[in-house]
Amino acid sequence: RKLGSIASGLYASPGYLARAGRPRRVRDIESHDAVTVRAMKDAPWRLRKGDESVEVRPRIVAVGDDFSFVRAAASAGMGLAILPPLFATPLVDAGSLVPLLQKWATPHGSLSVVWPRSRFMAPRVRAFLDMLPANLEEVARF
C-alpha cells in the first residue's frame, strides 16, 4: 500500500560537524564521511535544488540495513546521512542531528508498506495497517 511520496534531506550530528566541519556547498559532501543503507552503499547520492541536480560520492564509513541504523549512526557522530524527515525530525528537535544544505533534497520517492499475502490477516495487523497512514510520524519515532 502506497502511503505517499517523500524526499529525504542531509543530516549530521553536532559532534561530527565540530570535528569535520560543516559542508557549505553540495560538492563539499564528497570530502565527508557518511553512513547509509545497504541498498545505496555503491550508488552516488543524488540531490536536487529546484531544477539543478547533482550526484556526489561521500566516503561511506558505515552501512546498515535500515534508516533506524543510519539515524543512530549519524547521531552518534559517524558521518553525514540522508534521511527522510519523519526519521530525522525527532532527533533534530532533541539536538542530536542538524539539517544541512536545506535547499537540497533527494528526488521524491514512494513510501509504502509491504506485507506477505495470505488468505487470513490477523486483526492486529489489519488495525496497524489502517492506523499507519494517519500516525506515520509517531510510528517513525520508534
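The tail of the calculated P(r) for the chain beyond 26 Å holds 28 percent of all Cα-Cα pairs. Counting only Cβ charges, +1 for Lys and Arg and -1 for Asp and Glu, the dipole size of the chain around its Cα centre is about 240 debye.
Amide H contacts of A7 (H built 1.01 Å from N, in plane; Pro and chain starts excluded): G109 sit under 5 Å, all sequence-distant by 5 or more or on other chains. Given a 1.4 Å probe and the protein chains all in place, what does the accessible area of D33 round to, in Å² to the nearest 10? Surface open to solvent at D33 totals about 40 Å². Distances between placed amide hydrogens fall under 5 Å for S96 paired with no residue 5 or more residues away or on another chain. Using a Gaussian network model of the chain in which every pair of alpha carbons under 10 angstrom is joined by a spring, one finds that among A43, A72, A62 the greatest mean-square fluctuation is at A43. Close amide-amide hydrogen proximity is noted between V37 and G64, each under 5 Å apart and 5 or more residues distant or on a separate chain (H modeled in the peptide plane; Pro and chain starts excluded).
The values are calculated or read from the model by the stated rules, or taken from the named source; none is laboratory data. Only a predicted model underlies this, so the values are computations on that prediction, with no experimental measurement involved. Cβ coordinates were reconstructed from backbone atoms using ideal geometry, including for glycine residues, and neighbour counts include every protein chain displayed. Keep in mind that these areas ignore ligands, DNA and RNA; they rest on the heavy atoms of the full protein, side chains included. Shrake-Rupley method; radii C 1.70, N 1.55, O 1.52, S 1.80 Å.
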